[in-house]
Amino acid sequence: MSAPEPTSATLIGTLTLAGLLSGLVLVGVFQSTKPLIAANRAAAMEAAVTRVVPGAVKAASYERVDGKVRASQVAVGASSDKPMAYAGLDKAGKVVGYAIPAEGPGFMDTIRVLYGYVPGAGTIVGMEVLDSRETPGLGDKIYKDADFVANFKKLDSKPEIVGKKKGTKSKPNEIDFITGATISSKAIVKILNGSAAQWAEPLAAGATPTQGKQP
């Protein structure tokens, strides 16, 4: 005799149980790996901060609220609903500059960058592309072309950054565009100008501590 066909209720119950168990496994994996993911994200951001802010060996989180900058309890590299910046601290814990995440449209998709900034002087002291899907061989030169990246080692952001045809820059607020990748080059300039305009005054005014402590 053949085994009886399972009833609809049995099938539904089995599928429901399987779905529940799968869900519990996924939640368990997510919860167990969440701290590791957060730690890796923090380490990656802190390393990036030290690359774009000369002299920095570690980072501390700051946020911009109502036109003022204050120390933040948000972990370095963690997502936040407030605009974030990271103080680059030297071995003595002194702030030597700020690393500011910024993003904007490129030729293909959104470009995300992190740039080093020294308040008061308004000087950009480094720039690193965190995420880009620009055209390989052309637009990707915004992070592969060493000469282009070097434009941002000591760049005056006041009154604003200006891009020039390669080999023609002559002022401290000018950079050389990349031949054949002008759109991507212009995107970087637009992103930095827009971000610096938002952060320059609050950072120049000074950051305030949260709960009586600097991070």
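The values are calculated or read from the model by the stated rules, or taken from the named source; none is laboratory data. These figures come from a predicted structure and were not determined experimentally. Here Cβ is always computed from backbone atoms with ideal geometry, including for glycine, and neighbour counts include all displayed protein chains.
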Test set (1) surrounded by fewer than 13 Cβ atoms within 10 Å (Cβ to Cβ); (2) of a type in the set (S, T, Y); (3) closer than 19 Å to R51 by Cβ - Y86 fails condition number: (1)
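Yes/no per residue for (1) under 22 Å from S61 (Cα atoms); (2) surrounded by 22 or more Cβ atoms within 10 Å (Cβ to Cβ); (3) at pLDDT 95 or above:
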position: T123; (1), (2), (3): yes, no, yes
position: L138; (1), (2), (3): no, no, no
position: K158; (1), (2), (3): no, no, no
position: K166; (1), (2), (3): no, no, no
position: I175; (1), (2), (3): no, yes, yes
position: I178; (1), (2), (3): no, yes, no
position: V189; (1), (2), (3): no, no, yes
position: A205; (1), (2), (3): yes, no, no
position: Q211; (1), (2), (3): yes, no, no
Does S72 fit the bill of being touching a Ser or Thr at 6+ places or on another chain (Cβ under 8 Å), within 30 Å of M127 (Cβ to Cβ) and modelled with pLDDT of 75 or more? yes
Is there any pair with a first residue in the range 180-209 that is closer than 27 Å to K166 by Cβ and a second that is surrounded by 18 or more Cβ atoms within 10 Å (Cβ to Cβ) and of a type in the set (D, E) whose Cβ atoms are under 6 Å apart and which are 6 or more apart or on different chains, and what are they? S184/E134
When you scan the range 95-209 for helices (runs of 4 or more DSSP H) that lie fully inside it, which ones turn up with 2 or more residues that are touching a Cys at 6+ places or on another chain (Cβ under 6 Å) and of a type in the set (A, V, I, L, M)? none
Within the range 112-130, is there a residue that is more than 22 Å from I175 (Cα to Cα) and touching an Asp or Glu at 6+ places or on another chain (Cβ under 9 Å)? no
Hits in the range 89-102 - residues which are buried (at least 17 other Cβ atoms within 10 Å of the Cβ) and more than 12 Å from A60 (Cα to Cα): P101, A102
Restricting attention to the range 22-33, does a residue exist that is touching a Pro at 6+ places or on another chain (Cβ under 9 Å) and either among the charged types (D, E, K, R) or modelled with pLDDT under 90 (or both)? no
